[in-house]
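Just so it is clear, none of the values below were taken in a lab; they were calculated from the coordinates. Treat the numbers as computed from the prediction; the structure is a model and nothing was measured. Virtual Cβ from ideal backbone geometry, glycine too; neighbours counted across all protein chains shown.
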Amino acid sequence: MYYNPYYVYSNQYPMWMSAKHTSLSQLPIHIAMPTNNTVFPPVNTHRLKSSAKSIQTIFQQAILLATKIAESEQFSHDLMNAAQLSNKAEVDRLISSTGITKKFESKFTPSAIQIHFFDSSCCGLTMILHW
């Protein structure tokens with residue numbers, strides 16, 4: 001049988017997504033918004049406030065790294081060169097050498113580096129820098 005990528009097959013989408021089922025009342029119950037009868041736990045902002053305080057230190061760590069990259073031609077050259085050579089150990093060593101004390105993960109592609117700072121108990125921040 002010939003496959004046509006531009007033809008929408010009838011069994012390709014759930015029934016509620018098809019053109020003849022456009023009413024919101026026909027959406028499955030697990031997709032519908034909660035009703036007024038839904039009971040939520042009482043609001044407790046303690047963890048949210050704690051996360052907000054913790055992410056402030058992560059922001060400072062990200063600013064420390066960004067400042068080093070922006071101000072040091074040698075550092076930015078070494079970081080980019082190590083990433084282009086797929087030398088993850090050297091990339092991580094260079095990032096740590098800036099004074100970063102928080103946990104982080106680095107990933108890189110031919111066009112960018114991604115550094116994810118995180119505090120496993122509460123929050124994280126991902127910084128993506130293109131080259």
(message) Every residue in segment 90-120 that is without any contact (Cβ under 8 Å) to a residue 40 or more places away in the chain and among the polar types (S, T, N, Q), please.
(response) SER96, SER97, THR98, SER106, THR109, SER111, GLN114, SER120
(request) Considering only residues that are more than 17 Å from ASP119 (Cβ to Cβ) and free of Cβ contacts under 8 Å to residues at least 60 places away in the same chain, look in segment 53-73 and name the one that is surrounded by the most Cβ atoms within 10 Å (Cβ to Cβ). (result) LYS68
